[in-house]
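The values are calculated or read from the model by the stated rules, or taken from the named source; none is laboratory data. As the structure is a prediction and not an experimental result, all values here were calculated from the model. In this analysis, Cβ positions are derived from the backbone assuming ideal geometry, glycine residues included, and neighbour counts consider all displayed protein chains.
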Amino acid sequence: MTTIWLVLMIPLTFAGLIVFGAAAAVTRGGSFSVTGGFLELVLLILLVIGLMFAHEGIHGLAMHAYGARPTFGAGASGRFFPYLYATSDGHVFTRRQYLSVALAPAVAISTIGLALCPTPIGPWLIFPLALHLSGCIGDFAVTAVVLRRPAGTQFEDLRDSIRFHPASGSAATSGRRPEGLAL
């Protein structure tokens with residue numbers, strides 16, 4: 001799954017560069033430039049890392065809004081790609097709740113980023129915002145999985161998977177334990 005996500009991240013990155021770049025260019029007559037050296041590169045890296053922490057913090061806030069007690073951690077996908085995570089093992093969400101938890105960072109950070117792009121700091125945000133958008137690929141994939149589950153299914157967010165709880169009274173609940181999906 002990591003390889004598929006990496007391939008899908010490429011067009012998301014380009015889409016983010018176009019959208020956030022266009023928003024930054026609006027107040028600059030259609031053009032701008034970002035130049036710099038080592039310190040500017042460090043700033044961009046710090047912005048990307050900051051967005052990673054903000055992303056998981058927003059997941060945690062959304063989980064908390066639905067009564068969950070989020071926990072946070074870090075890991076590496078395929079030993080090469082570091083990631084942070086927020087999870088709420090033991091808390092079960094409705095479909096609507098889980099979708100809002102999954103999509104909250106993409107919506108919040110992209111919306112705030114679009115609002116900031118026309119400001120003087122806008123050109124510095126384009127690349128970090130585009131990388132953030134592409135990094136939301138896991139949340140978009142989770143959204144697709146959640147939308148394909150039967151009505152009434154509930155969802156438990158685990159560190160590296162989702163546990164599905166079929167609607168009570170459905171044929172799927174007779175004598176079966178909840179099924180899951182590893183991410």
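The combined condition, being of a type in the set (A, V, I, L, M, F, W, C) and either more than 20 Å from ALA15 (Cβ to Cβ) or not in a helix (DSSP H, G or I) (or both), is not fulfilled by PHE127. Can you pull out the residues in region 76-93 that are exposed (fewer than 12 other Cβ atoms within 10 Å of the Cβ) and either outside any loop (DSSP other than H, G, I, E, B) or modelled with pLDDT of 95 or more (or both)? Correct list: ALA76, PRO82.
Is one or more of the residues making up region 109-117 farther than 27 Å from ILE4 by Cα and β-branched (Val, Ile, Thr)? Yes, that holds for at least one residue. Every condition in (1) in a helix (DSSP H, G or I); (2) touching a His at 6+ places or on another chain (Cβ under 9 Å); (3) within 21 Å of LEU99 (Cβ to Cβ); (4) among the hydrophobic types (A, V, I, L, M, F, W, C) holds for LEU61 except the one numbered (2).
Applying the selection to region 130-153, what residues are within 21 Å of PHE53 (Cα to Cα), in a helix (DSSP H, G or I) and not charged (D, E, K, R)?
Here is the first cut: in region 130-153, the ones within 21 Å of PHE53 (Cα to Cα) are 130-143.
Applying the additional criterion that residues be in a helix (DSSP H, G or I) yields 130-135, 137-143.
Across region 130-153, the qualifying residues are ALA130, LEU131, HIS132, LEU133, SER134, GLY135, ILE137, GLY138, PHE140, ALA141, VAL142, THR143.
Among the residues of region 94-108, those identified as touching a residue at least 12 places away in the same chain (Cβ under 8 Å) and either out of contact with any strand residue (DSSP E or B) (no Cβ under 7 Å at 6 or more places or on another chain) or assigned to a helix (DSSP H, G or I) (or both) are ARG95, GLN97, TYR98, LEU99, SER100, VAL101, ALA102, LEU103, ALA104, PRO105, ALA106, ALA108.
Within region 36-57, residues that are within 14 Å of ILE126 (Cα to Cα) have Cβ atoms under 6 Å from residues that are among the polar types (S, T, N, Q) in no pair, counting only partners at least 6 apart in sequence or on another chain. With respect to SER33, determine if the residue is among the small types (Gly, Ala, Ser), surrounded by 15 or more Cβ atoms within 10 Å (Cβ to Cβ), modelled with pLDDT under 90 and farther than 15 Å from ALA130 by Cα. When the stated conditions are applied, SER33 does not pass them.
When LEU131 is tested against (1) in contact with a Leu (Cβ under 7 Å, 6 or more places away or on another chain); (2) farther than 25 Å from ALA65 by Cβ; (3) modelled with pLDDT of 95 or more, exactly one condition is not met: (1).
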